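A short write-up of the structure that comes next.
The values are calculated or read from the model by the stated rules, or taken from the named source; none is laboratory data. The structure presented is a predicted model; accordingly, all values stated were derived computationally and were not measured. Every residue, glycine as well, gets a Cβ built from its backbone with ideal geometry; the counts of neighbours run over all protein chains shown. Protein only, heavy atoms only, side chains kept; ligands, DNA and RNA dropped before computing areas. Shrake-Rupley method; radii C 1.70, N 1.55, O 1.52, S 1.80 Å.
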Amino acid sequence: MHVVNAAVLEEWAGLPDEQVVGQVLAGQTALFEVLMRRYNERLYRAARAILRDEREAEDVMQQAYVNAYSHLRQFDGRSS
């Protein structure tokens with residue numbers, strides 16, 4: 001696993017998802033954290049609203065991130 005420092009994460013934080021995904025697929029796997037940080041609050045709120053349980057929401061989020069990473073090659077950039 002690659003480790004990325006805070007400055008690099010900050011630099012990549014402003015780039016579009018497509019570019020970040022491209023770099024993750026190119027081997028910069030630690031940049032997946034950029035996507036996680038970008039969508040963490042929205043994903044948590046949705047999971048919490050549906051499940052009405054903080055622990056379950058956190059478990060669902062963790063699984064969602066694992067699934068997203070596992071299927072990252074299928075991302076075609078059409079969704080926002």
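Quick notes
- Selection within the range 1-35: residues that are closer than 19 Å to GLN63 by Cβ and either open to solvent by less than 50 Å² (accessible area, probe 1.4 Å) or modelled with pLDDT of 95 or more (or both). The member of this set that is nearest to the chain's Cα centre (by Cα) is LEU35.
- The single condition among (1) loosely packed, with under 15 Cβ neighbours inside 10 Å; (2) under 26 Å from ALA6 (Cβ atoms); (3) touching a helix residue (DSSP H, G or I) at 6+ places or on another chain (Cβ under 7 Å) that TYR65 does not meet is (1).
- Of all residues making up the range 36-57, the number that are under 23 Å from ASP17 (Cα atoms) and open to solvent by less than 100 Å² (accessible area, probe 1.4 Å): 8
- Search result, residues across the range 16-50 that are part of a helix (DSSP H, G or I), closer than 13 Å to LEU72 by Cα and without any contact (Cβ under 8 Å) to a residue 24 or more places away in the chain: GLN19, VAL20, GLY22, GLN23
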